[in-house]
Amino acid sequence: MSTLLADPRQRRAAFVFAAVFVIGFGLLQPVLLAIHDLNDFQGFWRAGRSVLEARRLHVESNVERYLPVFQVLHVPLAVLPVGVAAGLWFALSVAALWGLPRQLERLSGAPAREQWPAFAVLFVLMLDNLKLGQSAPVLLWLTAWGAARAREGGALAGGFAIGAAALFKVIPAATLSAPVVLRRARGALAGFALAVAIGFAATAAWVGPRATLDATWRWAAEVRAEQSAWALVESGRSLRYNNQGLAVTLARTFGDVDERKALGAVRLASWPWPWVWTLYGLVLVALFAVGASAALGARRRTDGDAWLELYALSALGMLLAAPIVWTHFFLWMLPGLVMLRDRPRLLLWGGIAFNAALVLTPLRALGFHMACALALYLWIALGLNDLAKSSGSYPRTSKSL
């Protein structure tokens with residue numbers, strides 16, 4: 001037994017075999033779930049199928065919150081049978097996760113081997129995204145590539161990549177702030193606008209200009225009327241514990257919500273609604289002020305090391321501002337966690353607490369993971385402010401925090 005796998009070639013072969021086995025076994029679950037319509041992917045696939053076959057946009061609950069362009073982006077997958085399409089999407093998502101350390105290295109200079117603790121903290125959420133057939137792995141890679149490309153001088157291509165991600169889900173547009181703030185605004189905005197123009201032109205070509213315009217106006221009206229924080233609370237939708245959106249968490253914890261609709265809620269008070277919304281507004285204003293100050297401070301620096309920090313800050317800000325934040329959305333914390341790579345104990349114990357809370361409904365209802373995102377946002381923003389004041393080069397950690 002002592003000679004087992006002693007040969008490096010044997011070890012490499014065993015590693016390849018294990019990787020193929022794990023990926024193959026992992027592929028089976030999301031594909032079967034998609035075939036039986038038990039995850040999110042088949043709804044997206046059906047929307048693309050409707051555009052492909054009937055030349056019309058699909059009206060379904062799991063696609064109505066997305067831009068109409070979202071459905072046209074799924075046409076290439078809709079050409080394939082649902083099982084094959086789900087397998088291809090799984091492979092693209094795994095490839096995106098595999099390639100993400102390289103993009104974060106381009107943004108920060110941090111070697112991929114130093115990033116693995118951050119990936120380990122969020123490993124369960126990576127599996128959850130893959131199982132659900134969700135887009136966070138692909139969108140993370142796309143926006144990180146876009147920010148890195150802009151940093152290296154390709155702002156037009158970088159803005160285009162971020163624009164393409166925003167056509168999938170609008171809120172990744174927040175990551176455009178990194179190239180815009182760090183003096184790549186003209187090219188990045190032009191690339192973003194080009195991606196949006198091509199996306200809407202493709203939609204108009206498939207379903208017609210009138211249908212595209214009507215669907216876009218309807219989407220804007222419905223998002224404002226039904227997807228805002230106060231609309232969710234008034235209608236009693238998406239109030240259960242696994243939505244840790246900041247507004248919903250405050251409403252669920254301090255407001256008089258219907259507990260039958262707020263599954264798992266832990267109510268600490270029953271404040272009047274004006275108090276709850278005032279608190280929410282004050283928190284948002286404070287977070288915006290801190291983030292804007294950090295961005296302006298980063299803009300004044302010339303050392304070029306602020307790219308990962310602003311990219312991470314924008315991703316976290318996106319989570320803090322979104323009215324609906326399902327647990328798997330917290331994969332967007334990854335760039336911020338990479339910044340903690342020089343604090344292994346914090347990553348270790350924080351990671352243990354983060355993952356333990358995944359199985360504790362009361363902590364999720366109280367917004368534990370959102371609180372982690374909020375703390376990370378403040379750590380990055382305050383660190384950037386301190387460094388801007390001192391006008392020094394940016395170290396990987398700020399000892400003053």
For region 239-253, name all the residues that are over 18 Å from the mean Cα position of the chain (by Cα) and assigned to a loop (DSSP other than H, G, I, E, B).
Leu239, Arg240, Tyr241
Residue hits (region 91-114; among the charged types (D, E, K, R) and touching a residue at least 60 places away in the same chain (Cβ under 8 Å)) are Glu114
Quick count over region 328-377, residues being of a type in the set (A, V, I, L, M) and over 12 Å from Ala312 (Cβ atoms), is 18
Hey, Arg260 of a type outside the set (S, T, N, Q), free of Cβ contacts under 8 Å to residues at least 12 places away in the same chain and assigned to a loop (DSSP other than H, G, I, E, B) or not
yes
Quick one: which residue in Thr175, Thr203 is within 24 Å of Leu331 (Cβ to Cβ) and either without any contact (Cβ under 8 Å) to a residue 24 or more places away in the chain or in the same structural domain as Arg65 (by TED's automatic domain parsing) (or both)?
Thr175
Hits in region 178-187 - residues which are closer than 26 Å to Ala322 by Cβ and free of Cβ contacts under 8 Å to residues at least 40 places away in the same chain
Pro179, Val180, Arg184, Ala185
Would you call Ala120 of a type outside the set (Asp, Glu) and crowded, with 21+ Cβ neighbours inside 10 Å?
no
Pick from Leu319, Leu313, Leu334, Leu348: which is in a helix (DSSP H, G or I) and surrounded by fewer than 24 Cβ atoms within 10 Å (Cβ to Cβ)?
Leu348
What number of residues within region 264-320 satisfy the criterion of being at pLDDT 95 or above, aromatic (Phe, Trp, Tyr) and within 18 Å of Ala147 (Cα to Cα)?
1
Any idea which residue in region 206-230 is farthest from Phe160 (Cα to Cα), counting only those that are among the small types (Gly, Ala, Ser) and touching a residue at least 12 places away in the same chain (Cβ under 8 Å)?
Ala229
Picking from Ala365, Ala295, Ala373, the residue that is over 15 Å from the mean Cα position of the chain (by Cα), farther than 15 Å from Ala174 by Cα and either surrounded by fewer than 17 Cβ atoms within 10 Å (Cβ to Cβ) or not β-branched (Val, Ile, Thr) (or both) would be Ala365
So how many residues does region 263-289 have that are under 30 Å from Ala110 (Cβ atoms) and surrounded by fewer than 19 Cβ atoms within 10 Å (Cβ to Cβ)?
3
Could you tell me which numbered condition Pro117 fails, if it satisfies all but one of (1) under 26 Å from Ala150 (Cα atoms); (2) outside the structural domain of Trp45 (by TED's automatic domain parsing); (3) touching a residue at least 40 places away in the same chain (Cβ under 8 Å); (4) not aromatic (Phe, Trp, Tyr)?
(1)
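Here is a yes/no grid of residues against (1) more than 19 Å from Val69 (Cβ to Cβ); (2) small (Gly, Ala, Ser):
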{"position": "Phe168", "(1), (2)": "no, no"}
{"position": "Thr175", "(1), (2)": "no, no"}
{"position": "Ala178", "(1), (2)": "yes, yes"}
{"position": "Arg184", "(1), (2)": "yes, no"}
{"position": "Ala188", "(1), (2)": "yes, yes"}
{"position": "Phe192", "(1), (2)": "no, no"}
{"position": "Ile198", "(1), (2)": "no, no"}
{"position": "Val207", "(1), (2)": "no, no"}
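The values are calculated or read from the model by the stated rules, or taken from the named source; none is laboratory data. These figures come from a predicted structure and were not determined experimentally. Every residue, glycine among them, receives a Cβ derived from its backbone with ideal geometry; neighbour counts consider all protein chains shown.
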